Amino acid sequence: MMASSTTSTCHCCLLIACLFLLSSTLVYGQLTTSFYATSCPALESIVKSTVAQAVAADQRMGASLIRLFFHDCFVQGCDASILLDDLPGSFVGEKTAFPNVDSVRGYDVINSIKAAVEANCSGVVSCADIVALAARDGTVLLGGPSWAVPLGRRDSTTASLSLANSDLPSPASDLKTLIKAFGNKGLSARDMTALSGAHTVGSAQCKNFRAHIYNDTNVDPAFAAMRQGGCSFTAGSADGSLTPLDERSGLVFDNAYYADLVARRVLLHSDQELFNGGSQDSLVRKYSSNTALFFSDFVDAMIKMGNISPLTGTAGQIRANCGVVNST
Ligand code: HEM
Ligand SMILES: *[C@@H]1O[C@H](CO)[C@@H](O)[C@H](O)[C@H]1NC(C)=O
Ligand SMILES: *[C@@H]1O[C@H](CO)[C@@H](O)[C@H](O)[C@H]1NC(C)=O
């Protein structure tokens, strides 16, 4: 009697211990949310406060950090390859790739976070994990969902200009091409449609939406006319002029982007492909009327995207400076 009650108490303890572990540590592939719990306990608060400062100074930076994570993960996996600077004559990185050059922002913010983290726990935290955390914090600071970020990625010693040019989708893509580009990374069409909801924040340059507002027929004519006002038909000085991707609430992370799609009032040709009589129409309508569904699918897809081919264990390195490979 005594023995069996002790045993069952013990089972109960084990069960409780297990449930506790499951709830505090989530494991995704080789990444875990508690990776730095003992080696750098202040990590998440340092990242959050640095991102908060950057977003307070420039709200768009929240959006830029979300995009930086996407452009890292789609090229060689989430390995901070996008952060490596060109070294004239000896190293070509990804910063000058067509989708990145004069467009991707946030490198300085990542470098500031890295410096603050190194000052607190040196040589432990990868730049790739800082990019993943900064994307989450950017989302939250603009009003979007939060989630526990799986960690444990390491940094690459290489980068690929050619993969950055081939694997990041162009705004001229059609739906089939978009689904293929995400499928190549192990992401579903649903993941793609949810992740594209990041276009609820941030801006695009005229050169990237000119063709859509002047030449496409699946655009609300009043919207096209309004946007033509800030983006001349002829290439030239207006090429870089910025317009919010979501006309309703371009600095708030909400589901308004999907309502824009249904109204055919978006900037990018590739965005309107998600609602143009094809396979994603019904999901776009659902997200447009159900913020909770969008948020939950967005979080799942961000975690999935963050799991694209990470370097783990002893692969790669922990860079001391995110812009350069360690010299030793
Ligand atoms: C589906 C394929 C996608 C295409 C073709 C695409 C294309 C683009 C383009 C052309 C811009 C404007 C860049 C500029 O004009 O400088 C942009 C901005 C942006 N993209 Fe995407 N994107 C895609 C998916 C994603 C995903 C998956 C995310 C993140 C989860 C994302 C996040 C963003 C954000 C936040 C911005 C605004 C950045 C800022 O204001 O700094 N995009 N995207
Ligand atoms: C790291 O940051 C935490 C929280 O700000 C602080 O308590 C701790 O003393 C710092 N450790 C070092 C080594 O700077
Ligand atoms: C629109 O299409 C015409 C005809 O194909 C082309 O000449 C022109 O460059 C296009 N304009 C834009 C802004 O894409």
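The values are calculated or read from the model by the stated rules, or taken from the named source; none is laboratory data. The structure displayed is predicted, hence computed values, not measured ones. Glycine also receives a Cβ, built like all others from the backbone with ideal geometry; neighbour counts cover every protein chain displayed. We work out accessible area using only protein heavy atoms, side chains counted, and drop any ligands, DNA or RNA first. Shrake-Rupley method; radii C 1.70, N 1.55, O 1.52, S 1.80 Å.
The table below lists the values:
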| item | result |
| --- | --- |
| Probe 1.4 Å, protein heavy atoms only - accessible area per residue of the chain in square angstrom | 44 |
| Distance from the stretch 54-74 to the stretch 260-301 (C-alpha centre basis), Å | 21 |
| 30 Å Cα-Cα reach of K207 towards lysines, excluding residues that sit fewer than 8 places from it in its own chain | K95, K176, K180, K185 |
| Relative compactness, the chain, computed as alpha-carbon Rg over 2.2 N^0.38 Å | 1.08 |
| Accessible-area composition of the chain, carbon plus sulfur, in percent [1.4 Å probe] | 59 |
| The chain: most fluctuating residue of G62, G236, G77 per GNM, C-alpha cutoff 10 Å | G236 |
| Cα-based equivalent ellipsoid, the stretch 214-291: semi-axes from gyration tensor eigenvalues, Å | 24, 15, 9 |
| Percent of C-alpha pairs per 5 Å bin, the stretch 175-305, short to long | 2, 12, 21, 23, 20, 13, 7, 3, 0 |
| Area of R264 that stays accessible when all protein chains are in place (1.4 Å probe, Å², to 10) | 90 |
| Rounded to the nearest 20 debye, dipole of the stretch 175-305 from Cβ charges on Lys, Arg, Asp, Glu | 220 |
| Cα lying deepest toward the dipole's positive end in the stretch 175-305, options L245, L274, S188, charges on Cβ | S188 |
| Highest to lowest packing among 147-156, 237-246, scored as the average C-beta count within 10 Å | 147-156, 237-246 |
| Helical segments meeting 24 Å axial Cα length and Kyte-Doolittle -0.5 threshold in the chain (DSSP H) | 2-24 |
